[in-house]
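The next block holds one structure in the form of structure tokens; read it before the comments.
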Amino acid sequence: MAINVIGKTVMRSLFGKPATAMYPIIKNEFYPRTRGRIELNVADCIFCGMCDKRCPADAISVSRPDKRWEIDRTRCIVCNFCVEVCPKNCLNTGKQYAEPMTDYTQRLVTITGETVQENA
Ligand code: SF4
Ligand code: SF4
């Protein structure tokens, strides 16, 4: 019985469609509700700090006097709370995953005014 099950699994694996894609040569399409990475439309941001206060992972830091918005991508769990509480609808979970990091300092993305700084 067990051999029969194993045999079916082996045959399915040998002749069936692959379960994985040859990334990055082949890229899967994102689903409509994909939560990729948090992105800010800084032109609409009023630096109210609501996203900072509500983030359960302490990933966002906002300074109103400095007009600075910062996210630590290694802390973000893409829960979407910040998107939901933003009064200006200027946050979204872009359909793009965060880039792989080669250095821990690359985790911070700082936006001051209209300047985006991806720390490297
Ligand atoms: S909640 Fe929205 S408007 Fe307020 S600081 Fe965050 S991103 Fe900016
Ligand atoms: S998606 Fe969730 S964890 Fe990520 S920054 Fe927003 S509130 Fe924080």
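The values are calculated or read from the model by the stated rules, or taken from the named source; none is laboratory data. Computed from a predicted model, the values in this text were never measured in an experiment. For neighbour counting, all protein chains shown are included, and Cβ atoms are generated from backbone atoms with ideal geometry for every residue, glycine included. Heavy atoms of the whole protein, side chains included, go into the accessibility calculation; ligands, DNA and RNA do not. Shrake-Rupley method; radii C 1.70, N 1.55, O 1.52, S 1.80 Å.
Before moving on, here are some points about what is shown:
- Residue list for region 63-74, filter: more than 11 Å from ligand 2 (Cβ to nearest atom) and not in a loop (DSSP other than H, G, I, E, B): Ser63, Arg68
- Complete set of residues in region 30-44 that are open to solvent by 40 Å² or more (accessible area, probe 1.4 Å) and more than 13 Å from ligand 2 (Cβ to nearest atom): Phe30, Tyr31, Pro32, Arg33, Asn41, Ala43, Asp44
- Considering region 19-44, the residues that are over 16 Å from the mean Cα position of the chain (by Cα) and not in a loop (DSSP other than H, G, I, E, B) include one that is farthest from ligand 1 (Cβ to nearest atom), namely Ala43.
- Yes/no for Ile25 being surrounded by 10 or more Cβ atoms within 10 Å (Cβ to Cβ) and either of a type outside the set (Asp, Glu) or touching a residue at least 24 places away in the same chain (Cβ under 8 Å) (or both): no
- Qualifying positions in region 45-61 - among the hydrophobic types (A, V, I, L, M, F, W, C), part of a loop (DSSP other than H, G, I, E, B) and within 9 Å of ligand 2 (Cβ to nearest atom): Cys55, Ala57, Ala59
- Among the residues of region 75-109, those that are more than 12 Å from the chain's Cα centre (by Cα), more than 10 Å from ligand 2 (Cβ to nearest atom) and exposed (fewer than 15 other Cβ atoms within 10 Å of the Cβ) comprise Pro87, Lys88, Asn89, Met101, Thr102, Asp103, Tyr104, Thr105.
- The residues of region 64-74 that are under 16 Å from Cys90 (Cβ atoms) and open to solvent by less than 70 Å² (accessible area, probe 1.4 Å), listed by number, are Arg68, Trp69, Glu70, Ile71.
- Residue match in region 91-102 (condition: away from ligand 1 (no atom under 16 Å from the Cβ), of a type in the set (A, V, I, L, M, F, W, C) and touching a strand residue (DSSP E or B) at 6+ places or on another chain (Cβ under 7 Å)): yes
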